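Note sheet for the following structure.
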Amino acid sequence: MAGARETLGMSQSDLARRLGVKLKTVRAWEEDLNEPRANKLQMVAGVLNVSIMWLLNGEGDGLDGPAEEAELSVDIRAVLTEIRQVKTEMGQMADRLGLLEKRLRATLKEES
C-alpha cells in the first residue's frame with residue numbers, strides 16, 4: 001500500500017483524507033498492524049489505482065515488484081529500514097503529543 005501511495009506522490013494524510021479515515025488508521029494498515037475492511041479495501045484500490053488482489057498478495061494490476069530494492073546493498077537496506085522505523089516512531093510520538101495536549105486542555109478547562 002505504501003509503495004503505491006508513494007508512487008502517486010500521496011502522503012498518508014492525503015490518503016486518509018480521501019478515504020475518510022484517521023491518519024493513524026492508514027499508518028496501522030501500512031505497518032501491518034490492522035487490515036482495512038472490505039469496503040475500505042475497495043476504496044484504497046480505487047484511490048491508488050491498483051487491484052484488490054494486488055493489495056492483498058502483490059499479484060494482479062498494480063506496481064511492478066521492487067526490482068531496484070533487490071539491487072540495493074545490505075547497508076542501504078539497513079538505513080532504509082531504520083528510516084521507516086523512525087518515521088513510525090515519529091508518528092506515534094505525534095499521536096502521544098496530541099493526547100497530552102488534549103489532557104492539558106481538559107485540565108485547564110476544569111480549573112477555570
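The values are calculated or read from the model by the stated rules, or taken from the named source; none is laboratory data. Nothing here was measured: the structure is a model prediction, and the numbers come from that model. In this analysis, Cβ positions are derived from the backbone assuming ideal geometry, glycine residues included, and neighbour counts consider all displayed protein chains. Heavy atoms of the whole protein, side chains included, go into the accessibility calculation; ligands, DNA and RNA do not. Shrake-Rupley method; radii C 1.70, N 1.55, O 1.52, S 1.80 Å.
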Report task. Using label points projected 7 Å from each Cα along Cα→Cβ, tell me how many nm separate residue 102 and residue 18, to one decimal. Result -> 2.7 nm
Report task. Would you compute the Debye intensity of the chain from its alpha-carbon atoms alone, equal scatterers and no solvent, and pass along log10 I(q)/I(0) at q = 0.19 Å⁻¹ to two decimals? Result -> -1.09
Query raised in the report: Setting aside same-chain residues fewer than 8 positions from residue 24, which lysines have a Cα under 22 Å from its Cα?
Result: 40, 87, 102
Query raised in the report: Helix 38-48 sits at what angle to the longest principal axis of the chain, using alpha carbons and giving 0 to 90 degrees rounded to 10?
Result: 70 degrees
Requested in this report: Assuming R0 = 25 Å, can you tell me the calculated FRET efficiency for the pair residue 87 and residue 56, based on Cβ-Cβ distance, to the nearest 0.05?
Outcome: 0.55
Query raised in the report: Relative contact order of the chain: what whole-number percent is it, with Cα pairs under 8 angstrom and at least 6 residues apart?
Result: 16 percent
Report summary line: Quick calc, residue 110 & residue 80: beta-carbon distance into FRET formula, R0 35 Å, rounding 0.05, result 0.15
Query - Accessible carbon and sulfur surface of the chain relative to its total accessible area, %, 1.4 Å - result: 53 percent
Query raised in the report: To the nearest 10 degrees, how steeply does helix 74-111 sit against the main Cα axis of the chain, on a 0 to 90 scale?
Result: 20 degrees
**Report entry** Per residue solvent-accessible surface (Å²) - the range 27-112, probe of 1.4 Å
**Finding:** 84 Å²
